[in-house]
1. Take D313, project a point 7 Å from its Cα along the Cβ direction, then tell me which residues of the range 178-215 have their backbone nitrogen under 20 Å from it.
2. Starting with the fewest neighbours, write out I132, I300 ranked by other beta-carbon atoms found within 10 Å of each beta-carbon.
3. Starting from the 7 Å offset along Cα-to-Cβ, what nm value, one decimal, do you get for the label separation of E209 and F19?
4. For the range 103-147, what is the charge dipole size about the Cα centre, in debye to the nearest 20, if Lys and Arg each add +1 at the Cβ and Asp and Glu each add -1 at the Cβ?
5. Which of the listed residues, V250, S159, G193, is farthest toward the dipole's positive end in the chain, when Lys, Arg count +1 and Asp, Glu count -1 at the beta-carbon?
6. Which one of E27, E177, E196 has the biggest mean-square fluctuation once the chain is modelled by GNM with Cα springs under 10 Å?
7. Evaluate the distance, in nm, between pseudo-label points positioned 7 Å from the Cα of A32 and of S188 along their respective Cα→Cβ axes.
8. Using Cβ counts within 10 Å as a stand-in for footprinting exposure, how do T326, T37, T171 rank, fewest first?
Amino acid sequence: QGLVRAVRRFGCSNFQRRFASTLVIAEHDNSALNAITRSAVTAASKLGGDVDLLVAGNNCDKVVEEAAKISGVKRVLKASAPHLERRLAEELEALILHAQNSNKYTHIMGASSACTKSVLPRVAAKLDVNQISEVIAIESEDTFVRPIYAGNALATVKSSDAVKVMTTRATSFDKAEMNGSASVEEISSAAVGASEWKSEELSKSDRPELTAANVIVAGGRGLKSSENFQMLYKFADKLGAAVGASRAAVDAGYMPNDAQIGQTGKVVAPDLYFAIGISGFTGAIQHLAGMKDSKTIVAINKDPDAPIFQVSDIGLVDDLFNVVPTMTEEIKK
Ligand code: FAD
């Protein structure tokens, strides 16, 4: 009877809200927390209810310490074991399902990343629910906004699944503050052993990583060669910026694949974005799909009709080979 009275008093959705609880999957490399985790916690906090953060790894005490400081996290679930070191999808899936069995979360989520894109669809399949990808806004605990058609349209989706499994776009949610004090609880799951970590080859750079940079200098086919990209690197170094590229520049071999920004590359949203020798969207919007949420867009292009000028805050119609060295010199001064 008390339950019925509570439902009547709060209304059904308020009543459910009181019991919402979310498990967020932390991104890290066993020594430091990736900041996109904090944006996922902000998204989770918008759902109402408690937020638990799963830190799965090996010898990852420093990450757990950091995770416990994220505002909005009630409990950090620490799972530290050799088989979790590389967070292989099969091992992580078993752990998440184990946590789900014990805690009956209403939402399981993580910032969109290679890891969550690999493991969360598996979790959703095992729970027999849909996976909702790249959520950019939370309207309520069952209604979410996500881009479709390469960001050309936004779909508002309502899920009636008992458990909502989703990834969130890190650039769409602010990073949660670091003044929390969550409790830490240890959990474990047996090794699955279905896959094995062999090796990895990582590109090393002293420059900021594209998806985390506050300033990005991106070049397009207008640069005309990989040697000419050195000019952008010099400019970027003066600004502490990351260097990115259009697909046309990557396809032409001027820049490596991991520098590509756009629909089939990285999605970025820095404070300041330079689009240099990039047309914008020659009949397509694929580059735009990866950078249009940047706070200020500066376009440099010698063609006054280049479509990029339609989305830029500041446009400079000039030859990049004059402009970029001049700007680099001016910043030096
Ligand atoms: P161009 O369109 O050739 O533009 C070069 C620009 O440089 C021109 O505007 C020109 O005026 C200017 N320029 C030339 N010389 C100078 C100079 N000296 N000074 C100043 N300006 C100069 N593209 C992406 O970027 N990212 C993606 O993820 C992506 N995914 C795609 C997925 C699919 C399925 C498809 C079909 C396409 C995708 N593309 C993507 C490609 C996209 O459609 C465009 O072809 C590409 O972005 C164009 O790159 P660009 O602007 O560098 O080259």
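1. Taking a point 7 Å out along Cα→Cβ of D313, the residues of the range 178-215 whose backbone N falls under 20 Å are 210-215.
2. Working: I132 21, I300 25.
By the 10 Å Cβ count, ascending: I132, I300.
3. Taking the simple label geometry, E209 and F19 are separated by 3.8 nm.
4. 260
5. Farthest towards the positive pole: S159.
6. Of the options given, E196 has the highest mean-square fluctuation.
7. Here the answer is 3.0 nm between the modelled labels.
8. Values: T326 11, T37 26, T171 19.
With the fewest neighbours first, T326, T37, T171 line up as T326, T171, T37.
All of the numbers you see were taken from the coordinates with simple rules; none came from a lab. The shown structure was predicted, so the numbers you read here are calculated from the model rather than taken from an experiment. In this analysis, Cβ positions are derived from the backbone assuming ideal geometry, glycine residues included, and neighbour counts consider all displayed protein chains.
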